Amino acid sequence: MAFNKNSLVPVIVGSSIGTIVEWYDFYIFGSLASVIATKFFPQGNATAAFLITLATYAAGFVIRPFGALFFGRLGDLIGRKYTFMVTLLVMGGSTILIGAIPTYQTIGYLAPVLVLILRLLQGLAIGGEYGGAATFVAEHSPVKDRGFWTGWIQVTAVIAFLISLGVVLFIKSVLSPADWETFGWRLPFLASIFLVAISVYIRKNMAESPLFANAKAKGKTSATPLKDTFGNKANLKLILLAVFGVTLGNGVLNGQFFTFIQTFLLKTVYLDFNEVNSILIIAFLIGMPVYVLSAWLSDKTGRKPLILLSLFTAIVGSRPIYEQIYQTVNLKNKTEDISKITVDKKQDGALITTTTRHFFTDKTVYQEVEKVTLNNGKPASTEVLKSITLNKHDKWVLIGYVAILLGIVALAYGPLAAYLVEMFPLKIRYTSISFPYHIGFGVFGGMCMVISTYLVNKATEAGSKDYYLAGLSYPILMMCISFVIGLLYLKEYKEHQGEPRPSSALLIKIKRIMGVVWIALGLLAVYVGIFKLGISKIISGKQDDMIFGIIVTAIITPLAATGLCLLGKYALQGEYDN
């Protein structure tokens, strides 16, 4: 089949714009998590409210595999184009409605319930979007350049993240703090209506995937995509490999970067909100070309080396980079000019606000705002807000570190779509790509912000010296598992390369022996996840412990244990020998 590169441009633009909108809708919730915590959830314990908000945010990730199954099946039955048109409308409608929900102070517990329902609808929609867009572009692309062309889809997540941050910063800059608190925070959600309208118009005029249309005309599509995906042993073992060798490691790597990094900068090192967003925007603009560059490079060198190099670099480099970020902001490393301290105290009814500003010789400014609410003339509650504004040099140092982290992420994510597309047959490709992608990125990666934030909070309470690095334990553990599995069992699936060379007798023996390790690791996950971590946290009675315990017991442990045991079984049987 002949491919016209000029005709690929509108395909990529049409697919990308819709995907950008869906990712924007998904990210805007995370960008405003700290605001949402105060608007839709009961107050009293700020940390607990924030963690509940993060859990609601994460629920949109957990539901994504179900969206992958539902919309993936539709995509393999009726076509790619119409399926991801539906996902776009569901996502956009949910986002707009979140912006219209009355606050907790107005409708009580109905507010968080409605937010959760709409968040779940968002997750269902995004579950069907990525597989559709990746498959659609890949099936329009020439095989030898598939990495490069699908790389443009991969960069949409970054563009959407940038837009979500940019919209928030712009609206905050044109509104007063009072207007932002009253109604301004709703505008980023409501703005989605314009983006969705543009995307629907563009996607409506796109043609169906030529490969799918040709297969459908010849009667070669699947009538039972779910059965063919999971009931076929040859395909099921590929799905397990795609999850634990590819999307698990890359999912938590993306989760660590796209969600946890913002929380880390805001809640752990106390950088000013606008400062954090400006650092992320500049760093993203610098690192964004690496997505397409690595995708293009994968057409020359293969996908597997880049995916493994990214994971290895992240495993080795994450802690040192986060350490340097923390120490760059750490006020203990700076000299304060005590003569310049300012204190401003104001009272508005029962609220007393005291703003203290500390100035440092390197032009760093630390601000502490204490809000005391009085009841019958006596303090009833106290809230302290901290923020640091860096000097220009230190700000650019942080931009450099964040850009490096993004480059590490992009190294694997750029060629990822092409790699997943090439793993599975055309007739069940939409379903087979979507499910492992959203298990890795949706469940394991989506839980990253909640779990990592919880671990940092617990390490802080315990007085751990390097508490600020505690949140990296979860993603690094998952990346290590994914790296070893990927190194042993992954291969190149590019059609123009022909059959890969058979494994040596020694490598086959190692692959099979490691099957025992994966089964043992799965059983260990059950013991640790349920009995050591899960149940004890659930029965503790503390809100944050209960959230963590439920996530570990009901979500992470069952998936990890079942998947690793099945993978180990297939490895022992020699299913991954070649």
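The values are calculated or read from the model by the stated rules, or taken from the named source; none is laboratory data. Quantities reported herein were computed from a predicted structural model and do not represent experimental measurements. So basically every Cβ, Gly included, is an ideal-geometry build from the backbone, and we count neighbours across all protein chains shown. Just so you know, the surface numbers come from the protein's heavy atoms only, side chains and all, with ligands and any DNA or RNA stripped out. Shrake-Rupley method; radii C 1.70, N 1.55, O 1.52, S 1.80 Å.
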Just to be sure I understand the model, the point goes 7 Å from the Cα along the line to the Cβ. What's the resulting Lys378 to Leu309 distance in nm? 6.6
Rounded to the nearest 10, the angle in degrees between the Cα long axis of helix 192-204 and the longest principal axis of the Cα atoms of the chain comes to 10
Would you pull out the residues with amide H under 5 Å of Phe40's amide H, same chain only if 5 or more places away, H placed 1.01 Å from N? Tyr104
Based on DSSP, what percent of beta bridges with both residues in the chain are antiparallel, to the nearest 5? 95
Which entries of Lys427/Lys491; Lys233/Lys569; Lys458/Lys542; Lys144/Lys491 have Cα-Cα distances beyond 19 Å here? Lys427/Lys491
For the chain, whose charge dipole is built from +1 on Lys and Arg Cβ atoms and -1 on Asp and Glu Cβ atoms, the candidate among Thr95, Pro188, Leu169 with its Cα farthest towards the positive end is Thr95
Which angle from 0 to 90°, rounded to the nearest 10, does the C-alpha axis of helix 5-31 make with the longest principal axis of the chain? 40
What does the C-alpha gyration tensor say about the overall shape of the stretch 432-578? Classify as rounded when a/c is under 1.5, otherwise prolate if a/b is larger than b/c, or oblate. prolate
Inter-part distance where the stretch 249-309 and the stretch 76-144 are each reduced to a Cα centre, Å: 23
P(r) of the stretch 339-401 in 5 Å steps, Cα pairs, percent per bin? 4, 16, 20, 16, 14, 11, 8, 6, 3, 1, 0
Checked against a 25 Å limit on the C-alpha separation, the offending pairs among Lys345/Lys386; Lys218/Lys304; Lys172/Lys340; Lys332/Lys465; Lys172/Lys395 are Lys218/Lys304; Lys172/Lys340
Residue-normalised accessible area of the chain, expressed per residue, 1.4 Å probe, Å²: 40
Can you find, among Ser339, Thr224, Ala403, the residue farthest towards the positive end of the dipole of the chain? Put +1 on the C-beta of Lys and Arg, -1 on that of Asp and Glu. Thr224
In debye, nearest 20: dipole of the stretch 289-445 around its Cα centre with unit charges on the Cβ of K, R (+) and D, E (-)? 200
For the chain, which whole percent of the accessible surface, found with a 1.4 angstrom probe, sits on carbon and sulfur atoms? 66
Distance from the Cα centre of the stretch 354-379 to that of the stretch 503-554, in angstrom? 44
Amide N proximity, the stretch 524-547 versus Ala462 label position 7 Å along Cα-to-Cβ, cut-off under 20 Å: 525-547
Of the options Asn457, Tyr413, Thr364, report the single residue whose Cα projects farthest towards the positive end of the charge dipole of the chain (beta-carbon charges: Lys, Arg +1; Asp, Glu -1). Tyr413
Principal axes first, then extents: for the Cα atoms of the stretch 121-195, list largest minus smallest coordinate on each axis, whole Å, largest first. 55, 25, 17
What do you get for Rg/Rh of the stretch 425-506 when both radii come from the Cα atoms and Rh is the Kirkwood radius? 1.17
If R0 is 22 Å, what FRET efficiency do you get for Glu368 and Ser540 from their C-beta distance, rounded to 0.05? 0.10
By what distance, in whole Å, do the Cα atoms of the chain stretch along each of the three principal axes, largest value first? 79, 52, 45
For Ser339 and Glu181 in one chain, what is 0.36 nm times their gap in residues minus the Cα-Cα distance, to one decimal in nm? 53.5 nm
Treat every Asp and Glu Cβ in the chain as -1 and every Lys and Arg Cβ as +1, leave all other atoms uncharged, and give the resulting dipole magnitude about the Cα centre to the nearest 20 debye. 1160
Helix axis angle, 46-62 relative to the chain longest principal axis, alpha carbon, degrees: 10
At most 11 other Cβ within 10 Å, DSSP loop - chymotrypsin sites (Phe, Trp or Tyr not before Pro), the stretch 79-119: Tyr109
From the helices alone, meaning DSSP H stretches of at least four residues, give me the mean residue ellipticity at 222 nm for the chain, per-run term -39500 (n - 2.57), in deg cm²/dmol to the nearest 500. -21000 deg cm²/dmol
Chymotrypsin sites (Phe, Trp or Tyr not before Pro) lying in DSSP loop within the stretch 168-207, provided at most 16 other Cβ fall within 10 Å: Phe183
